[in-house]
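To keep things clear, I will list the structure first and then write my remarks on it.
Bear in mind these aren't lab numbers, they're just calculated from the coordinates by the rules spelled out. Since the model is a prediction, treat every value here as computed from it, not as a measurement. Here Cβ is always computed from backbone atoms with ideal geometry, including for glycine, and neighbour counts include all displayed protein chains.
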Number of protein chains: 2
Amino acid sequence: MSQHRPGSTSGPAGAVPALPDLPEATVARLPEYLRALHHCAETGYETVSSEGLAAAAGVNSAKLRKDLSHLGSYGTRGVGYDVALLIDQIEYVLGLTQRRAVALVGVGNLGHALAGYDGFASRGFHVVALFDADPATIGERIHGLQVRHIDELPAVAAETAIAIGVIATPAAAAQAVADQLVAAGVTSILNFAPCVLSVPPNVDVRKVDLAIELQILSFHEHRKSTLTALPGGRAAGTSGQEAVGS
Amino acid sequence: MSQHRPGSTSGPAGAVPALPDLPEATVARLPEYLRALHHCAETGYETVSSEGLAAAAGVNSAKLRKDLSHLGSYGTRGVGYDVALLIDQIEYVLGLTQRRAVALVGVGNLGHALAGYDGFASRGFHVVALFDADPATIGERIHGLQVRHIDELPAVAAETAIAIGVIATPAAAAQAVADQLVAAGVTSILNFAPCVLSVPPNVDVRKVDLAIELQILSFHEHRKSTLTALPGGRAAGTSGQEAVGS
DNA sequence: CGCGATTTGTGCACGTCTTCACAAGCGCCT
DNA sequence: AGGCGCTTGTGAAGACGTGCACAAATCGCG
Ligand SMILES: NC(=O)c1ccc[n+]([C@@H]2O[C@H](COP(=O)([O-])OP(=O)(O)OC[C@H]3O[C@@H](n4cnc5c(N)ncnc54)[C@H](O)[C@@H]3O)[C@@H](O)[C@H]2O)c1
Ligand SMILES: NC(=O)c1ccc[n+]([C@@H]2O[C@H](COP(=O)([O-])OP(=O)(O)OC[C@H]3O[C@@H](n4cnc5c(N)ncnc54)[C@H](O)[C@@H]3O)[C@@H](O)[C@H]2O)c1
C-alpha cells in the first residue's frame, strides 16, 4: 500500500479496530477466499500467488488482488500472499475472531438438517438454541440441543447474546418470527422462507431461496434450448462458473 | 413497447419464441416478482401497480418497471399490470411452462430435506430421481422415490431427460458428482457443497453456501459493533432488506 | 552488487446496474 | 369531447463493479 506511516490508524500490529469500508461485492467474496485459503493451508502451502488463490476460489486474479488490496497490503511482490497471515486478516475483517451465537427457528424438515450441520461450527458459528412452535417437536433433542418453545426466545436472548437468527419456518410464519427475533435484539437474520421480510433499517436480512436458484437455472436452460434451435446454433453458455450471490 | 409491427419477431399472440436477452440482474429478480404476483392472484387482485408489486417483492418500483419493460409492454398506463397475464409472461420467459426434471445427488442430512420439499413441485419442478453412493441409503424410499446408486445415473438420464442436477454431497465428492452429471448430459447444476466446481462452459452452475451467508452477516455485525463504539455512534445499518444474489 | 524473473497493487477505461425524472398513454368523470 | 389524475415506459446520469495493463517491489542467482 502506498501509505506507510508508522503508528497510524490501520497499522497491522496488534488489534486493528478501523474497518475499511469494503465494497459489498468484495465482502461477498471474502468467505470464498477464506475457504480456498484454508484448503491451501491444509495442503501445506505457506504462500499462494493471486493466480493460484484465484483459481481455487473460482474468480479472476485481478479481481482477487483488488479485493485483497482493500484490506491492506498483505502480499509480498514476487512471492505471493502469506496464507496464515491472510487467513487471520480475513477472519478479523469478517468478525470471525469471536465465535458468533446462532439461533435457529423452525425445526422441521430443513431445520433438522441445519441443526445437525457441522459446517456451522467449523466456520466460527455456534448454534446455541433451537426454537419451534409445534408442541410435538418441543423437547426433542438434536445434537445435544433441546428444542424450546419460540416464546422462550426473549429469555434465552437475555442470557446469551444471539448474533444471528436463522428462520426455517413456513413462509406464513416468517414475518412473525422475524418480529420476535428483532424484539429480542437480533440484528442479523438469515431467511430460508420464500417471502420478503420487513425489518427495521439497522437489521440485516439475507435470503436463501432454493426455488429462485432453480428458476434462474431454468431460464438459462430455456435460453440454451431456444438458441440451439436457431440457425447459428452455437451452444454458448454464459460463463463456466456462475456467482451465487449477486 | 414502441415497436408495434403486426407479424414480427416477438408478437405477443401465441407462442413467442424470441427471447429478449435479459440482464442477468433482471433474471435474478423475476422469480421474486413471480412469487409476489402469485400472492396477489391468491389475494384476488386482477391488476397491480408497479408500486404495489415492487413493495411485495421488496424492490424499488423504478427497477421493477425497467425489469418488466425488458420482457415487453404488459402493463396499462394509468391502471397497472394484469396479474394473470404477467404471471404467464414471466413463467414463459423463465421456461417454466414445461415442467423441468430435477435429479438430486446425495441423500444425507440436507438431501432428505430437499427430497421432501414441496416448494419444488409448486414452482414447476419435479424431482425424478435420488442418487447416493452409500449402500446403506440405497433403496430407501422418500416421498415415493427410491434412492438409487449414483452409477445408475446414465441409465436414468437416458430414459428421462434431466434438466437440473442438485448436488448435496460432501465437498470432497462434489467435483466427481458434477463430472458424472455433465457426462450424463446435465447442463444446469445447483451446488450445495462448499467448493468450486469446474465444468464445461456450456454448463451453468449456481452455488448455495450457507456458511458464506453467515459470514457476510457476521461482517455487518462486526461493522455495526465497531461503529456504535465510535464517537458518532449512529447505528446505521446498510439497507433494510438485502439482496441474496449477487 | 546488479539483473532478470516474478508477482503485487492500482490507475484507467469499460460495461453493467440503479435511480431519477418526466413525457406519453390510459381510463374515468364531467 | 375534453380535461384530469394516475401509472407505465424510458432516456439520461450517476454509482458501482470488472478487467486490462503496467509500474513498483521483492527475491534469487550469478
Ligand atoms: N425443506 C427444504 O428442503 C426447503 C428448502 C428451501 C426452503 N425451504 C423453506 O424453509 C422453510 C421450512 O421448510 P420445511 O420443509 O422445514 O418446513 P416444515 O413444515 O417441515 O418445518 C417448519 C417448522 O416450523 C415450525 N413453525 C411453524 N410456525 C412457527 C412459528 N411461528 N414459530 C416457530 N416455529 C414455527 C413448524 O412447527 C415446523 O416444525 C419453508 O419456508 C420452506 O419453504 C425448505
Ligand atoms: N446439512 C446442512 O444443513 C447443510 C447446509 C448447507 C450446506 N450443506 C452441504 O451440503 C452437503 C451435504 O450435507 P449433509 O449434511 O447432507 O451431509 P451428509 O454427510 O449427511 O450427506 C451426504 C450424502 O452424500 C452421499 N455421498 C457421498 N459421496 C457421494 C457420491 N460420490 N455420490 C453420491 N452420493 C454421495 C453420502 O452417502 C451421504 O448420504 C455438504 O457439502 C454440506 O457442506 C449442508
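Quick notes on this structure:
- Counted by neighbouring Cβ atoms within 10 Å, the residues B:K66, A:K207 run from fewest to most as B:K66, A:K207.
- Under the criterion of Cα pairs below 8 Å and six or more residues apart, the relative contact order for segment A:12-93 equals 35 percent.
- The alpha-carbon of A:K207 sits under 16 angstrom from the alpha-carbons of these lysines, leaving out residues fewer than 8 places away in its chain: B:K207.
- Over all other residues within a Cβ to Cβ distance under 9 Å of B:D132, the charged ones net out to -1, with Lys and Arg as +1 and Asp and Glu as -1.
- Starting from the label point of B:L227 at 7 Å along Cα→Cβ, the same points in the other copies fall at 4.0 nm, in ascending order.
- Cα-based Rg / Dmax (Å) for segment B:12-93: 11.8, 32
- B:P23 label point (Cα plus 7 Å toward Cβ) to equivalent points in the other copies: 1.6 nm, shortest first.
- Copy-to-copy label separations for A:Y74, where each label sits 7 Å from Cα toward Cβ, in nm and ascending: 4.7
- Extended-chain gain in nm, criterion 0.36 nm per residue less alpha-carbon gap, B:A184 and B:D134: 16.0 nm
- Isotropic mean projected area of the C-alpha convex hull, segment B:82-140 (nm²): 4.7 nm²
- Magnitude of the charge dipole, segment A:12-93, Cβ model with Lys/Arg +1 and Asp/Glu -1, debye to 20: 260 debye
- Shape call, segment A:100-208: gyration tensor on alpha carbons, a/c limit 1.5: rounded
- Going from the residue with the fewest nearby Cβ atoms within 10 Å to the one with the most, B:E221, A:E46, B:E24 rank A:E46, B:E24, B:E221.
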